[in-house]
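Asks: A single structure is presented below for examination.
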Amino acid sequence: MPATIFITGASSGFGAATARRFGQAGWNLVLAGRRQPRLEALAAELAAHCAVHTLVLDVRDRAAVEAAVAALPEPFAAVEVLVNNAGLALGTDPAPSCSLDDWDTMIDTNIKGLVYCTRLLLPGLIARGRGTIVNLGSVAGRWPYPGSHVYGASKAFVKQFSLNLRCDLLGTGVRVTDLEPGLCESEFSLVRFSGDQTRYDALYQGAHPIQPEDIAETIWYIANLPPHLNINTLELMPVTQAWNNFAIHRDA
Ligand SMILES: NC(=O)c1ccc[n+]([C@@H]2O[C@H](COP(=O)([O-])OP(=O)(O)OC[C@H]3O[C@@H](n4cnc5c(N)ncnc54)[C@H](OP(=O)(O)O)[C@@H]3O)[C@@H](O)[C@H]2O)c1
């Protein structure tokens, strides 16, 4: 029987590419996100390759996540791979002037939503004695930059949560990876820039960023390693990306 992968944020970017990668290989897909038409279009696209269960789900809604996981039908209930991918960055204004509502949304989605999905799917993974959780962290959780404040901090949470889970899951056969991409091209930046296409185009121009298909291939690799191997953290950047100097403020 095909294995099942549960992907949050499957309506776009990394999540949709991961659905295609696993779906085309015949895996059962559970595709979660808020935009139903996108999920249904993806399900229709992949219908010839695999079985798909779509979940119109806001991961911030704990009761909704609980109900959705409890009601997973056969053959989707036996989740073998969980990709905690739903997430977002909002804005690049400095901390003193950015929106507190945006901070709430990032904390609720990137931290609380990820925690809800993990906790609720863990018992099944443990009961089956195997499985893989791939959490989407970011280079922003490791390296500071201006305007990253709560977004970067939420991804630092994802990193530490992933490592701490490894401790509690020792002996269960369940693996956990914190996947930390750098510059990638997806709707992520349109969301961050409030739909500003000019800013989006300027960010990627000439930069050869990572593509969602690259992330999907990496998740495929992580999930299909021999079961005795766990990649704890995996940081990825395009070759065109590196670090810059420390900033130093000088008196006039
Ligand atoms: N792109 C990058 O440069 C980059 C780099 C490092 C890490 N990441 C991380 O990678 C993950 C995926 O990013 P991406 O580039 O694929 O971005 P994306 O194309 O904007 O996709 C984000 C996905 O998250 C879903 N989502 C957002 N809020 C949600 C909520 N409350 N409930 C359920 N789903 C929600 C969106 O679906 P709906 O809107 O339909 O709900 C969408 O499918 C994020 O966690 C992001 O922080 C991205």
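Asks: Tally Lys/Arg at +1 and Asp/Glu at -1 over every other residue whose Cβ is under 14 Å from the Cβ of residue 193; what's the total?
Replies: -4
Asks: How big is the antiparallel share of DSSP beta bridges in the chain, given as a percent to the nearest 5?
Replies: In the chain, approximately 0 percent of DSSP beta bridges are antiparallel ones.
Asks: Here is a further query. Ignoring ligands, DNA and RNA, what percent of the accessible area of the chain is carbon or sulfur (1.4 Å)?
Replies: Roughly 55 percent of what the probe reaches on the chain is carbon or sulfur.
Asks: Pairing the Cα long axis of helix 13-24 with the longest principal axis of the chain, what angle in degrees results, from 0 to 90 and rounded to the nearest 10?
Replies: In the chain, helix 13-24 runs at an angle near 30 degrees to the longest axis.
Asks: Hey, can you find the accessible area per residue of region 4-228 for me, probe 1.4 Å, expressed in square angstrom?
Replies: So region 4-228 comes to 44 Å² accessible per residue, rounded to a whole number.
Asks: Give the calculated FRET efficiency between residue 77 and residue 172 to the nearest 0.05, with a Förster radius of 25 Å applied to their Cβ-Cβ distance. Don't skip to the answer; put the middle values down first.
Replies: Details: r = 18 Å, r/R0 = 0.73.
So, using R0 = 25 Å, E works out to roughly 0.85.
Asks: Considering all projection directions equally, how large on average is the shadow of the alpha-carbon convex hull of region 183-252, in square nanometres?
Replies: It is 7.8 nm².
Asks: Sorted by average packing, counted as other Cβ atoms within 10 angstrom per residue and highest first, what order do 69-81, 111-123 take?
Replies: Descending packing order for the listed peptides: 111-123, 69-81.
Asks: When the Kirkwood radius is taken over all Cα pairs of the chain, what Stokes-Einstein diffusion coefficient follows at 4 °C and 1.567 mPa s, in µm²/s? The partial results should precede the final answer.
Replies: Details: Rh = 18.7 Å.
Estimated via Stokes-Einstein, D reaches 69 µm²/s.
Asks: Let me ask you something else. Remind me, what semi-axes does region 1-139 give for its equivalent ellipsoid, largest first in whole Å, using sqrt of 5 times each Cα gyration tensor eigenvalue?
Replies: Gyration-tensor ellipsoid for region 1-139: 27, 17, 13 Å.
Asks: Write down the radius of gyration of region 117-193 and its Dmax, each obtained from C-alpha positions, in Å.
Replies: Cα radius of gyration and Dmax of region 117-193 are 14.5, 43 Å respectively.
Asks: Residues with amide H under 5 Å of residue 54's amide H, sequence separation 5 or more or different chain, H placed in the peptide plane at 1.01 Å from N; which?
Replies: Residues meeting the criterion, in which the H sits 1.01 Å from N, are 31.
Asks: Mind pulling the angle between the C-alpha long axis of helix 212-223 and the longest principal axis of the chain? Nearest 10 degrees, somewhere in 0 to 90.
Replies: 50 degrees
Asks: How large is ³J(HN,Hα), in whole Hz, for each residue of region 198-211 in order, when computed from phi with the Karplus curve 6.51 cos²θ - 1.76 cosθ + 1.60 and θ = phi - 60°, using x for Gly and Pro?
Replies: Running phi through 6.51 cos²θ - 1.76 cosθ + 1.60 with θ = phi - 60° gives 5, 5, 4, 4, 5, 4, 8, 4, x, 9, 6, x, 4, 9 Hz.
Asks: On each of the three principal axes of the Cα atoms of region 67-110, give max minus min coordinate, whole Å, ordered largest first.
Replies: 49, 19, 9
Asks: Another question, if that's okay. Mind jotting down the distance between the C-alpha centroids of region 66-81 and region 12-39, whole Å?
Replies: Using only Cα atoms to place each centre, the spacing works out to 15 Å.
Asks: So for the pair residue 126, residue 196, with labels modelled 7 Å out along Cα→Cβ, what separation do we get in nm?
Replies: Label at residue 126, label at residue 196, 4.6 nm between them.
Asks: Same structure, new question: Amide H of residue 133: which non-local residues (sequence gap of 5 or more, or other chain) have their own amide H closer than 5 Å, using H built in the peptide plane?
Replies: 82, 175, 176, 177
The values are calculated or read from the model by the stated rules, or taken from the named source; none is laboratory data. Keep in mind that this is a model prediction, so the values were computed, not measured. A quick note on method: Cβ atoms are made from the backbone with ideal geometry, for glycine too, and the neighbour counts reach across all protein chains shown. Only protein heavy atoms, including side chains, enter the accessible area calculation; ligands, DNA and RNA are left aside. Shrake-Rupley method; radii C 1.70, N 1.55, O 1.52, S 1.80 Å.
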